[in-house]
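See structure below.
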Amino acid sequence: MWCDKCLSKQDATIINSSEKVKQNDIAIIGGGHNGLVCAWYLASAGVNVTIYERRKIVGGAAVTEEFHPGFRNSVASYTVSLLHPSVIKDLGLYERGLEIIKRPISNFLPTEDGGYLKLGGGLERTQQAVSQFSRKDAERLPEYYRRLENVADVLRQLTITTPPNPKQPLQAGKAILQQVWPVIGGSLELMNDFRALFLGSAQRYLDRWFESDPIKAAFGFDAVVGNYASPKSKASAYVLLHHVFGEIDGDKGAWGHAVGGMGAITSAMREACLEVGVTIRTDAGIQKVLTEQSRVSGLVLANGETVKANLVAANVNPKLLYQQLLDENQLPSRFKQKIDNYRCGSGTFRMNVALDELPDFTCLPGKELAEHHQSGIVIAPTLAYMHQAFIDAKNNGWSENPIVEMLIPSTVDDSLAPEGKHVASLFCQQFAPELDNNRDWQDHRLAAAETIIDTVNKHAPNFRDSILGQQILSPHDLENKFGLIGGDIMHGNMSPDQMWMARPAVGHGDYRGPLNGLYMCGAGTHPGGGVTGLPGKNAAREILRDLEMA
């Protein structure tokens with residue numbers, strides 16, 4: 001099911017894959033948000049573009065669907081912040097009905113001693129909340145925010161540029177100096193913070209700033225979102241940074257809810273694409289990318305149909321593209337080795353649940369709607385808890401005490417559930433992308449889901465009994481449903497050795513594949529995962545440059 005306002009237009013505006021099409025100037029594989037964004041910029045420049053989407057609807061992992069009679073939710077991607085303001089403006093998403101509601105507070109974190117911490121609602125209020133645990137930490141908050149924001153500003157500038165494409169190590173060092181140093185502006189403080197966040201662990205970074213466990217956990221949670229790693233893992237601090245460079249209507253670092261769910265975003269993008277002449281084909285999975293003399297020439301669809309294309313842009317995980325859709329004999333051996341070594345698997349498990357009533361938390365009792373129900377509810381009271389969850393997942397597949405973030409979007413958007421009822425998104429870490437000892441996620445998904453429900457129920461004892469229905473998405477399910485290899489919501493590990501000019505491989509960080517006419521426009525390219533639209537926008541810019549239309 002698509003969002004309500006889109007259903008009436010769906011059949012009239014998107015053609016079925018059984019119809020014949022003319023030769024494409026550019027074929028885009030995958031109708032996720034980056035594919036839609038890429039298509040819009042290309043078509044707006046006068047290029048003939050066709051999107052081929054495997055599912056019946058476009059949107060990729062950013063869709064809204066009914067998962068229980070009368071209950072709809074954002075199925076996979078579930079919250080908004082990173083969507084770039086230029087994408088919102090250029091595609092006219094607000095004019096097309098998109099509405100984003102900011103959270104009244106950012107996070108609510110039950111603590112181990114039966115208390116809780118609330119973050120957000122302004123600096124002064126956050127300081128008051130933190131001072132219950134440490135006055136020193138409360139006093140350090142303004143400086144922490146300032147320093148983190150300065151580095152986030154650097155990241156914001158780098159995300160909208162095309163990474164350099166060096167061929168040798170010496171060229172790589174020169175490229176870093178040319179592109180990064182001017183943004184840093186020669187600030188020694190900023191350079192040190194930049195290095196600490198890009199190379200260090202979240203644990204070490206936060207230990208430098210704070211002494212109390214709750215505040216470190218509240219900030220450290222961002223370091224494990226979509227990251228199959230411990231907060232003690234090297235480079236985990238970068239993932240923390242990646243989740244704070246977004247904004248909502250100029251409010252930097254804010255998070256919110258798209259009314260109608262994440263499908264409202266991609267619905268508006270689809271409308272924008274159709275307006276500029278993009279052809280969108282659904283039920284059109286790709287069997288193979290065709291090549292002729294080291295150049296792409298078209299696609300073979302899953303139904304056997306062959307379509308010709310001058311250029312192909314892939315909005316899929318790089319491993320899916322190069323290991324499943326292309327003949328490996330067509331790929332340079334060094335590049336093939338790089339893709340073989342490209343790491344995927346975000347350790348993510350997703351659930352959507354239909355609720356009869358709101359959770360009644362032991363630390364903050366009440367079933368009546370309150371601001372903590374409208375925030376990100378984080379069940380991971382300490383960095384040590386997060387570390388153990390990762391260790392357990394490595395050893396056993398998942399932990400008996402997993403990391404869980406719960407959002408209840410129906411508290412701000414009553415279109416998602418019947419009156420008086422609610423829907424909740426459960427975003428969970430750490431769950432092994434592949435189970436060992438020949439175990440299969442299909443045989444263990446229900447047991448893992450029960451562990452997640454038990455974890456929430458420990459803090460809100462009415463939770464289990466309030467569940468009317470549920471949708472379970474293990475790493476295996478995420479791969480099967482959305483093409484997320486290893487269930488990786490980021491299209492590849494978000495570590496510095498797989499970011500910027502090395503995403504997905506050094507020498508191909510500029511959105512250009514190893515074959516002439518082949519481009520990449522998904523989250524497996526710079527600046528990485530999350531609903532940003534920037535891989536699609538940046539890739540379109542490079543395609544237009546190659547076509548001499550930029």
Exercise for the section: Would you mind finding the one in Phe198, Phe245, Phe210 that is at pLDDT below 95, open to solvent by less than 30 Å² (accessible area, probe 1.4 Å) and not acidic (Asp, Glu)? Expected result: Phe245
Handout entry: Subset of segment 201-236 that is outside any loop (DSSP other than H, G, I, E, B) and small (Gly, Ala, Ser) - its residue that is farthest from Lys394 (Cα to Cα)
Key = Ala218
Practice task
Being part of a loop (DSSP other than H, G, I, E, B) and modelled with pLDDT of 95 or more is the filter here, so list the residues in segment 437-464 that pass it.
Solution key: Arg439, Asp440, Ala460, Pro461, Asn462
Exercise for the section: Find the residue count for segment 292-309, including only residues that are of a type in the set (S, T, N, Q) and modelled with pLDDT of 95 or more. Expected result: 3
Exercise for the section: Could you list, in sequence order, all residues of segment 265-277 that are in a helix (DSSP H, G or I), in contact (Cβ under 8 Å) with a residue 60 or more places away in the chain and either open to solvent by 10 Å² or more (accessible area, probe 1.4 Å) or of a type in the set (Phe, Trp, Tyr) (or both)? Expected result: Glu271, Leu274
Completion exercise
Arg334 passes all but one of the listed conditions (1) more than 30 Å from Phe219 (Cα to Cα); (2) in a loop (DSSP other than H, G, I, E, B); the exception is number (2)
Handout entry: Residue identified as open to solvent by 60 Å² or more (accessible area, probe 1.4 Å) and closer than 25 Å to Asn538 by Cβ among Lys319, Lys308, Lys338
Key = Lys338
Completion exercise
In segment 195-237, anything within 20 Å of Val154 (Cβ to Cβ), within 22 Å of the chain's Cα centre (by Cα) and hydrophobic (A, V, I, L, M, F, W, C) is listed as Leu197, Phe198, Leu199, Ala202, Phe219, Ala223, Ala235, Ala237
Completion exercise
Scanning segment 146-166 for residues that are over 18 Å from Asp251 (Cα atoms) and open to solvent by 20 Å² or more (accessible area, probe 1.4 Å) gives Ile160, Thr161, Thr162, Pro164, Asn165
Practice task
Answer with yes or no whether Asp414 is farther than 26 Å from Ser106 by Cβ and among the charged types (D, E, K, R).
Solution key: no
Practice task
Within segment 316-327, identify whether any single residue is over 21 Å from Ala61 (Cβ atoms) and at pLDDT below 95, and answer yes or no.
Solution key: yes
Problem - Single unsatisfied condition, Gln330 versus (1) over 30 Å from Glu66 (Cβ atoms); (2) modelled with pLDDT of 95 or more - result: (2)
Exercise for the section: Provide a single number: the residues in segment 280-295 that are free of Cβ contacts under 8 Å to residues at least 40 places away in the same chain and part of a loop (DSSP other than H, G, I, E, B). Expected result: 2
Exercise for the section: Evaluate segment 300-323: report whether one residue or more is charged (D, E, K, R), outside any loop (DSSP other than H, G, I, E, B) and more than 27 Å from Val506 (Cα to Cα). Expected result: yes
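The values are calculated or read from the model by the stated rules, or taken from the named source; none is laboratory data. As the structure is a computational prediction, the values presented were derived from the model and not from experiment. Reconstructed Cβ throughout: ideal geometry from the backbone, glycine too, with neighbour counts over all protein chains shown. Heads up: the accessible areas ignore ligands, DNA and RNA and are worked out on the full protein's heavy atoms, side chains in. Shrake-Rupley method; radii C 1.70, N 1.55, O 1.52, S 1.80 Å.
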